[in-house]
Amino acid sequence: MRTEIRREVECIAPLDDIERAAKLDVLDWIDSGVEVCRIEKPSTPPKHLVSYFALVDHEYILLVDHINAELWLPTGGHVEPGEHPRTAALREAREELSIEGEFLFDEPVFLTVTETVGKTAGHTDVSLWYVLRGNRNERVSFDDSEFRSVAWFHKDDVPLERSDIHMGRFLSKLYSRPRQD
């Protein structure tokens, strides 16, 4: 699986120097042979792989008010040992939003390496950001043990001051790409 995870990272065209440095760091981390998946909650190993997925309907993105992070975030979760990150994104879509996900792009759009904040602060998430096709006219149910609420935001109205520190860069990259729908 390490080879498949490496391929996912390799296919990402960096937006800027921050993402370029993250990509080099993550490739070295994968190649080091250390465990890349979380094997024990909340933070073992202290750096582990996450699959974010942004549910997108044209210029709108669904974000969740995450209880532990205390931020508005794309949905996603930890990649399980032996699991492909794309499979993790689809699994999380089913578990957290009760939807069958459909990728808008064949590969992850963005890569970040972030120190966690909130109630589970203190470890590092290596996050592959996937994009799934959404429909803001359909009712979304959500896991209320993880999220206070969910909301669709126009790309220009995302609460960046209370979101992932990389959200603005992600939106810039996402909306500069040609769409596949």
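Quick one: of the DSSP bridges fully inside segment 2-174, what percent are antiparallel, nearest 5? DSSP beta bridges in segment 2-174 are roughly 70 percent antiparallel. For segment 1-46, the calculated P(r), taken from all Cα-Cα distances in 10 Å bins from zero up to the bin holding the longest distance, is 25, 47, 27, 1 percent.
Evaluated with a Cβ-only charge set (Lys, Arg +1; Asp, Glu -1), segment 2-174 carries a dipole of roughly 40 debye about its Cα centre, given to the nearest 20.
Sequence-distant contacts, meaning Cα pairs under 8 Å at least 6 residues apart, place the relative contact order of segment 2-174 at 27 percent.
A dipole drawn for segment 15-61 from +1 and -1 charges on Cβ atoms has a positive end, and of Tyr52, Ile30, Pro42 the residue lying farthest that way is Pro42. Placing unit charges on the Cβ atoms of the charged side chains and taking the dipole of the chain about its Cα centre, the candidate lying farthest along the positive direction among Leu90, Val109, Ile5 is Val109.
Using all pairs of distinct alpha-carbon atoms, the Kirkwood hydrodynamic radius of the chain works out to 16.3 angstrom. The count of lysine pairs in the chain that are at least 8 places apart or cross chains, and whose C-alpha atoms lie under 24 Å apart, stands at 5.
Taking the average, over residues, of other Cβ atoms within 10 Å as the packing measure, peptides 59-70, 122-133 rank 122-133, 59-70 from highest down. Computed from backbone phi with θ = phi - 60° and the Karplus coefficients 6.51, -1.76 and 1.60, the 3J(HN,Hα) list for segment 60-71 is 10, 10, 8, 10, 10, 7, 6, 4, 6, 6, 6, 9 Hz; x is used for glycine and proline. Report summary: the helix-based calculation at 222 nm, which adds -39500 (n - 2.57) for every DSSP H run with n ≥ 4 and divides by the residues of the chain, gives -7500 deg cm²/dmol.
In sequence order, segment 114-127 has phi-based couplings of 9, 6, 6, 10, x, 6, 10, 5, x, 10, 10, 9, 9, 10 Hz under the Karplus curve 6.51 cos²θ - 1.76 cosθ + 1.60, θ = phi - 60°, and Gly or Pro positions carry x.
All of the numbers you see were taken from the coordinates with simple rules; none came from a lab. None of these values were measured; they are calculated from a predicted model. Don't worry about glycine lacking a Cβ; one is built from the backbone with ideal geometry, like all the others, and counts go over all protein chains shown.
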